[in-house]
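The values are calculated or read from the model by the stated rules, or taken from the named source; none is laboratory data. Please read these numbers as outputs of a predicted model, since none were measured by experiment. We place every Cβ from the backbone using ideal geometry, glycine too, and count neighbours over all the protein chains shown. The protein model used for the area step is the full one, side chains on, heavy atoms only, and it has no ligands, DNA or RNA in it. Shrake-Rupley method; radii C 1.70, N 1.55, O 1.52, S 1.80 Å.
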Amino acid sequence: MSRIPITRCQFLIPFASICDEIGAPTAALLEKFRLPTSLEEKADDFVPLLRAVDFADRAQRSQGIVDFGFQAANRLQFCHLSAKLRAIIGYSPTLFIALQHVCKWATLEDNVLNMWLERADDHIKICSKLIGTSGIAHLEHSQWLQNIFPIHIVRQFAGPEWEPATIAFEAHYSPSMETRSRWPNTRFLSGQLASWIEVPFSFMGLSSSVSEMPLEFFAGDADPAEGDIINSLKLMLPSYLDEGVPTVAEIAEMAGTSVRSLQRKLSVAGLTYSELLEAARFEKAVRLLRATDVKVIEVAFASGYADPAHFTRAFRRMSGTTPRRFRHEARSG
């Protein structure tokens, strides 16, 4: 047990939107796989990755959706990457440096996403793999996203019309003829050791419009790949606070461990699940109070408190002040 595979809610949103548009029981399907049903306001929160894959597969089969992963990936653009990763790419002087940074910081998007570059004759392969998912079925949904974002990143340097000569999938999966017709100059491979796209080596020196990266950009940042199950929980719990958080037993199942082992892991860190949950609620409330004009009562509900008075007492206990005063001081200071 090291960590729970998690992904940003942003990558689940297009799957849910497609389901909504065809009249599928989206909320029921999300609930079945213990996923949040209100996703639009939670793009930068995290959900269990394998539960999201299971949701996509069940929706595809029950609703007769062809190439669900491609359709969802087709709705995503460069702007849907996390703000930090977009900034890293934007400040990279060349495509090669941008790709090196992307490989290092890929876990900003999925905490088990491993990316690397391979030289192959006159091309570079941008490779990706989800750590610890070998043998799991239906990962083509995720692998479409793993391949589509490198395409958008290359387009920031090569132009919006650029298309890769090859798109390869780790899964044993073959795109439909309709999907292939959208990429007439691209060959598709399946059953590879990793997912990857092919980029001409000559592109590596292409420059972006921003030529200098602030040296302080990375100051104080830990490597996002260095995370355990507790860090995974801290990232994942905020997406559930307004809908009912997972039980300890559900968390243990997501982590592939027993309740006792999970509790032991928390105990070693000097925490209980209740304390971790209380900290997640407080941190979300602080973020909303600082960055938004949402009413305090709405902050309370979004942070998982059914009773605003209980929220005020809990917030005062953890911060030494009330939510209203905290917002006032945060903005005036």
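Things worth noting here:
- Whole-number percent relative contact order across segment 263-333, with pairs defined as alpha carbons under 8 Å at least 6 apart: 23
- Residue separation of C103 and E21 scaled by 0.36 nm, minus their Cα-Cα distance, works out to 26.1 nm of gained length.
- Calculated FRET efficiency, R317 to I131, Cβ-Cβ distance, R0 = 35 Å: about 0.35 to the nearest 0.05.
- Accessible carbon and sulfur surface of segment 253-307 relative to its total accessible area, %, 1.4 Å: 52
- For the pair E163 and T292, a Förster radius of 45 Å applied to the C-beta separation gives a FRET efficiency near 0.70, rounded to the nearest 0.05.
- For segment 193-204, Karplus couplings with θ = phi - 60° (6.51, -1.76, 1.60), whole Hz, Gly/Pro x: 5, 7, 8, 6, 10, 10, 10, x, 4, 4, 6, 4
- Computed FRET value (nearest 0.05) for S274 with A28, which takes r as the C-beta separation and R₀ as 30 Å: 0.55
- Each of L29, A52, A16 was scored by the projection of its Cα onto the charge dipole of segment 9-129, and the greatest displacement toward the positive side belongs to A52; charges sit on the C-beta of Lys, Arg, Asp and Glu.
- Distance between segment 50-96 and segment 224-281 - C-alpha centres, whole angstrom: 25
- In Å², nearest 10: area of D228 left accessible to a 1.4 Å probe: 50
- Ranking V296, A309, G320 by Cα position along the charge dipole of segment 285-330, where only Lys, Arg, Asp and Glu carry charges on their C-beta atoms, puts G320 farthest toward the positive end.
- Placing +1 on each Lys and Arg Cβ and -1 on each Asp and Glu Cβ, with no other charges, gives the chain a dipole about its Cα centre of roughly 900 debye.
- Within a Gaussian network of the chain (alpha carbon springs, distance under 10 Å), most fluctuating of D122, D110, D57: D122
- Across the chain, the longest piece that holds none of the GluC sites (Glu not before Pro) lying in DSSP loops with up to 16 other C-beta atoms within 10 Å covers 1-160.
- Contour excess over end-to-end distance, with Cα ends at F78 and T94 and 0.36 nm allotted per residue: 4.1 nm
- Annotation: amide H-H contacts under 5 Å for T7 (H modelled 1.01 Å from N, sequence separation of 5 or more, or interchain): V47, L49.
- For H123, residues with placed amide H under 5 Å, excluding near neighbours: F201
- Our summary gives the chain a relative contact order of 18 percent, counting only alpha carbon pairs under 8 angstrom and 6 or more residues apart.
- The residues of the chain expose, per residue, 47 Å² of accessible area to a 1.4 Å probe.
- Computed over protein heavy atoms with a 1.4 Å probe, the carbon and sulfur contribution to the accessible area of segment 42-148 reaches 51%.
- For the chain, the membrane-span-like helices by this rule, meaning whole DSSP H stretches whose C-alpha atoms cover at least 18 Å of axis and whose Kyte-Doolittle mean is -0.5 or above, are 140-158, 273-291; this says nothing about an actual membrane.
- In this structure, the amide hydrogen of S195, modeled 1.01 Å from its nitrogen in the peptide plane, lies closer than 5 angstrom to those of S128, E170, counting only residues at least 5 positions away or on a different chain.
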